[in-house]
Every structure is written in structure tokens, then in C-alpha cells.
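Asks: First the structure, which I've put down as C-alpha cells, then a few questions once you've had a look.
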Amino acid sequence: GGTLIGGFLIGGAGTFLTHFVVTAALGFAMNLLSPKPQRQADSGYTVNARGGANAHAIIYGETVVGGVVFFDSVTDGNLYLHRCIALAGHECDGITTVYFDDEALTLDVDVTTGEAAIAAPSKWAGKAVMRVHLGTDDQAADTNLISRTNSLPLENQWTADHTASGICYIYVRFKFDRDAFPNGVPVVTVKVKGKKIYDPRPAAAQDVADASTWTWTDNAALVARDYFTANYGLKAASTAVNDTAFIAAAATCAESVTITGGTEARYTVNGSFSTESSPKEVITTIHTHMAGFPSYAQGQWSSVVGAW
């Protein structure tokens, strides 16, 4: 190529080369400025999948999710179905609402057993009980499920070894009733307050090395910081994120803005995705929620927020 260009530059080569360079530069610039379709990160599990080795769901903020059925067993002559549904591959802050086939349930919680029975709608009253496990690293196996399945063959039992540590899941015991469940077992979805994350702002008074001090938030900048450092994200060390920049970005995201009927925080993230999503997809989606973009400078990540 060098030889050909050298021969071609005889005569009007200077004019041609200038025109070529300018045209190429303008074309490159226009290509950068032109919007390109982005494949959005998946939304995790919106219904009930099934499997024993599925990708984990990650939940930030508060959202309604389905989950992965990873244990089924029947007892009492098929009168009861015992089902465990994994909601997230991490500890969650809490459960707000449970739905059967998209219909919200009113639950009565037994403070002794920790199980919740359905009070409404009346068609399902007495037809199911459930218990939520939030996914702590030291959570114990569900004692009620152990006692209800201990007479079954070992492969159908839930034992003390089945702690599902680090997995947020819901255990539901359905009672067979053809009138209550004419279409079979309903799809169970849950409104979840998701992962607790580190907040570097001084007022939060948290320890970056002690996850037990972390709290739930849907602040978009803090969600981005968590993904940069999470083991399912970029796994960056705490020294590889610019906390001074994230403190400023979090303040911008938390600013109160006026909307019809009231106010709300400027930028939040409330959603779910699975660990099958690529980091690029997830980072792009998170920063779309703050009208911004990620930045990497001097060995540290930060987030630029879209605000005056």
C-alpha cells in the first residue's frame, strides 16, 4: 500500500489526499453521532421457569419478578404440592406483594411459623401457604418443608442441608383443588425490594467491607457503582471506583423533581436481569436510566449523570 500511494501522490496527490482525509474524518464523526440500536439487557425471569442450573437473576430497586422452580415434591396422596421458586441470586431487602396469575394476594402471617396464608381473594383462601427466604449467606433450611417431606424417598425430601444460602426464594405449598385452580398451578410472581448495596455518602455511615451494613436503594448512580464492583459485574476493587464522583452523581440522582401529582427522585433503577447478560448490555441499560454514561479515567470507574 505504501508503494501504491507513493506512486499515486505524483501530480494532484496533495489535493486528493486532503479531500480524502477530511471526508473520512467527517464520515467517522457522523458515524459516532448517529444513534445505533442497542440490544437491551434481558429482564430476568418474568414468569416461572424451571431448572437446577439456570442463570441467576439480579434485582435492583423494586420490581415484580417471576423465578426459577428448583424444587417440586408432592405429599399426602398428591393432595399437596410443595414448590420452591428462586427469585434472585443474592440477598434481597424484602417482599412487598405476592401474585397468583397476576392477581395480588392478601396474606395473614403466622408469627410462630413465619408462614403466610391467603386471606384474599376468597377463591384461594386456605388453598396455599408460603414462606419467603431473603437469601442471607447463613439462612437455614425451611423447617416446615423439612417436616412435610421427611417421610418421602430421599430424592423427594427437603433436608437440613438444603439451605439455598445466598438465594432469595419463596416456598409455596399448594392444596389440590380443581375449582380453585382450574388451569393448574398458577404462575407465582413477587414484588421484590432487591439487593442491598454500598452507599459511599458519609451520612450513610456504611463499611465497604461489611455487606451487613449496606442498605436498599434504587439510586441509579449507586446501582451503577454496585455493578462495577459486583462479582457478577466487572468485579472492580473498591479502589477502582471513584467514590468522590459517585457521591456527586448519587446526589444528582436523588434530587427531587416535580411530576404530575407530586415529586420523585430524578433518576432511579428498578428492574431485573439475569447473569446471562453481558456487562456491556447491563452497564448501558443502567446508564440509560440516568441519561448518562460510564467513565474510566486514571484507573477508576465513575458515572456521568445527565443533568444541568
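The values are calculated or read from the model by the stated rules, or taken from the named source; none is laboratory data. These numbers were taken from a predicted model, which means no experiment stands behind them. A quick note on method: Cβ atoms are made from the backbone with ideal geometry, for glycine too, and the neighbour counts reach across all protein chains shown. Protein only, heavy atoms only, side chains kept; ligands, DNA and RNA dropped before computing areas. Shrake-Rupley method; radii C 1.70, N 1.55, O 1.52, S 1.80 Å.
Asks: Just the Cα atoms of the chain, one point each, no solvent: what log10 I(q)/I(0) does Debye give at q = 0.07, 0.09, 0.13 Å⁻¹?
Replies: The calculated log intensity ratios at q = 0.07, 0.09, 0.13 Å⁻¹ are -0.40, -0.59, -0.99.
Asks: For the ranges 186-192, 86-92, 99-105, what's the packing order if you count other beta-carbon atoms within 10 Å of each residue, average per peptide, and put the highest first?
Replies: 86-92, 186-192, 99-105
Asks: Between Gln298 and Lys191, take the C-beta separation as r, use R0 = 45 Å, and let me know the FRET efficiency to the nearest 0.05.
Replies: Here the calculated transfer efficiency is 0.65.
Asks: Select from the chain the helices, each a whole stretch of DSSP H, whose alpha-carbon atoms run 27 Å or more along the helix axis and whose Kyte-Doolittle mean is at least 0.5; answer none if there are none.
Replies: Taking the DSSP H segments of the chain (at least 27 Å long, mean hydropathy at least 0.5), we get 13-33.
Asks: State the percent of C-alpha pairs, over all pairs in the range 165-262, separated by a distance greater than 21 angstrom.
Replies: The answer is 51 percent, as a whole percent.
Asks: Along the three principal axes, how long is the range 205-308 when you take its alpha carbons, biggest first, rounded to the nearest angstrom?
Replies: 41, 32, 29
Asks: Here is a follow-up. What are the equivalent ellipsoid semi-axes of the range 75-116, built from the alpha-carbon gyration tensor (square roots of five times its eigenvalues), in whole angstrom, biggest first?
Replies: So the three semi-axes of the range 75-116 are 21, 15, 14 Å.
Asks: Given points 7 Å out from each Cα along the Cα-Cβ axis, report the Trp308 to Asp72 separation in nanometres with one decimal.
Replies: 5.7
Asks: Which residues does the label zone of Thr260 cover in the range 279-293, counting backbone N under 19 Å from a point 7 Å along Cα→Cβ?
Replies: Zone members listed by number: none at all.
Asks: Let me know the charge dipole size of the chain about its Cα centre in debye, to the nearest 20, where only the beta-carbon of Lys, Arg (+1) and Asp, Glu (-1) is charged.
Replies: For this selection, approximately 780 debye.
Asks: Over the range 143-203, with the other protein chains present, what is the accessible area per residue in square angstrom, probe 1.4 angstrom?
Replies: 50
Asks: With +1 on each Lys and Arg Cβ and -1 on each Asp and Glu Cβ, and nothing else charged, work out how big the dipole of the range 70-184 is about its Cα centre, in Debye to the nearest 20.
Replies: Value, rounded to 20: 400 debye.
Asks: Any chance you could list P(r) for the range 36-109, counting all Cα-Cα pairs in 10 angstrom bins from zero, rounded to whole %?
Replies: 15, 41, 32, 10, 2, 1
Asks: Related question: Give me the log10 of I(q) over I(0) for the range 50-200 at q = 0.10, 0.13, 0.21 Å⁻¹, as the Debye formula computes it from C-alpha points; what are the numbers?
Replies: Ignoring solvent entirely, the Cα scatterers give -0.34, -0.58, -1.53.
Asks: Right, here's the next one. How many percent of Cα pairs in the range 44-84 exceed 11 Å?
Replies: Result: 69 percent of Cα pairs exceed 11 Å.
Asks: Quick one: pull the percentage of alpha-carbon pairs in the range 111-185 with a separation above 17 Å.
Replies: Roughly 54 percent, once rounded to a whole number.
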